[in-house]
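Enquirer: Quick one: this structure, given as structure tokens, is what I'll be asking you about.
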């Protein structure tokens with residue numbers, strides 16, 4: 001029997017009724033994105049039985065080897081979304097240039113940006129992975145989109161979200177009125193509303209960071225992590241748990257449901273780059289979701305959604321999650337990021353400091 005829960009289609013119809021002037025094109029585009037996510041979910045459920053394990057010889061615009069699933073999921077996103085007449089163009093983490101709408105198809109008033117498979121590097125391990133998407137208004141509706149059309153700050157997003165493919169498939173999205181989670185019921189092939197009005201607690205004792213990169217961190221990040229690791233005997237006066245899952249979608253999802261703060265900060269490994277994650281395909285949509293769920297998202301010095309991109313594949317550092325922890329990290333970047341601080345806890349041997357020769 002069908003559940004009494006609202007379907008994604010019913011939810012979007014209710015949202016449209018709040019805006020009598022709406023044409024329904026955005027709803028239709030979101031449903032196309034959801035259809036792409038259903039297709040990817042089905043593909044991933046077969047795992048290595050699909051014969052799509054491992055890497056290809058191709059590389060993405062960042063010079064990283066593409067997994068076979070990167071190419072397959074890219075194709076699904078493009079083919080499902082190009083035909084409906086809602087888009088003027090698309091852009092993907094996996095392609096260098098804008099993806100045009102075929103000449104024979106109508107052009108619409110929206111732009112779609114996406115990372116078709118976040119976490120593809122761990123997909124062969126049967127861990128949770130995801131897809132991330134962002135929808136912008138096209139500056140020139142009905143015309144072929146060009147690169148500069150996509151270079152809009154994250155504040156201009158009209159919808160953003162992600163799908164997470166784990167024991168169940170969930171679609172999490174915002175249209176600027178809170179964050180809602182929908183779980184795919186494979187029996188009826190519908191996304192059903194299971195997590196209304198997701199909210200991130202303002203405080204937390206969980207943080208997520210790749211601690212192996214400590215030697216490259218800025219002083220503010222080192223100070224914050226050292227204080228957390230010091231636990232109840234340190235300046236924070238309580239114990240923290242450290243986590244790292246290797247997939248941005250999985251980290252964001254855990255924080256939405258359980259709370260926490262996530263750090264992938266700017267570091268000194270590649271000085272010309274402002275960070276490691278892609279602003280348009282990963283950070284802007286996740287930041288929109290996080291802020292709509294009462295969290296905060298920052299580069300450490302600026303609100304991330306206010307950054308104006310200059311390149312399709314621009315990167316940035318990021319801190320997001322529990323409001324109080326992000327605010328603390330912003331203060332540390334303001335007050336403690338000019339020079340190395342003294343960390344007595346790790347002044348000799350410690351978890352994060354090389355003790356040197358003995």
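The values are calculated or read from the model by the stated rules, or taken from the named source; none is laboratory data. Just so we're clear, the structure is a prediction, and the values are computed from it rather than from any experiment. Positions of Cβ are backbone-derived with ideal geometry, glycine not excepted, and every protein chain shown enters the neighbour counts.
Enquirer: Quick check on residue 29: is it touching a strand residue (DSSP E or B) at 6+ places or on another chain (Cβ under 8 Å), modelled with pLDDT under 95 and within 18 Å of residue 163 (Cα to Cα)?
Expert: No.
Enquirer: Can I ask one more? Answer yes if at least one residue in the stretch 274-283 is more than 13 Å from the chain's Cα centre (by Cα) and more than 22 Å from residue 130 (Cβ to Cβ), and no otherwise.
Expert: We begin by selecting, within the stretch 274-283, every residue more than 13 Å from the chain's Cα centre (by Cα); these are 274-275.
Restricting the remaining residues to those that are more than 22 Å from residue 130 (Cβ to Cβ) gives 274.
Yes.
Enquirer: Which one of these is on the phi > 0 side of the Ramachandran plot, at pLDDT below 95 and more than 17 Å from the chain's Cα centre (by Cα): 189, 246? Please lay out each step first, then the result.
Expert: Details: 246 fails: more than 17 Å from the chain's Cα centre (by Cα).
Answer to the selection: 189.
Enquirer: Go through the stretch 293-325 and count every residue that is touching a residue at least 12 places away in the same chain (Cβ under 8 Å), outside any loop (DSSP other than H, G, I, E, B) and either touching a helix residue (DSSP H, G or I) at 6+ places or on another chain (Cβ under 8 Å) or surrounded by fewer than 22 Cβ atoms within 10 Å (Cβ to Cβ) (or both).
Expert: So the count comes out to 14.
Enquirer: Please find, among 145, 160, the residue that is buried (at least 24 other Cβ atoms within 10 Å of the Cβ), in a loop (DSSP other than H, G, I, E, B), in contact (Cβ under 8 Å) with a residue 40 or more places away in the chain and not assigned by TED's automatic domain parsing to the domain that holds residue 313.
Expert: Details: 160 fails: in a loop (DSSP other than H, G, I, E, B).
Checking each option against the conditions leaves just 145.
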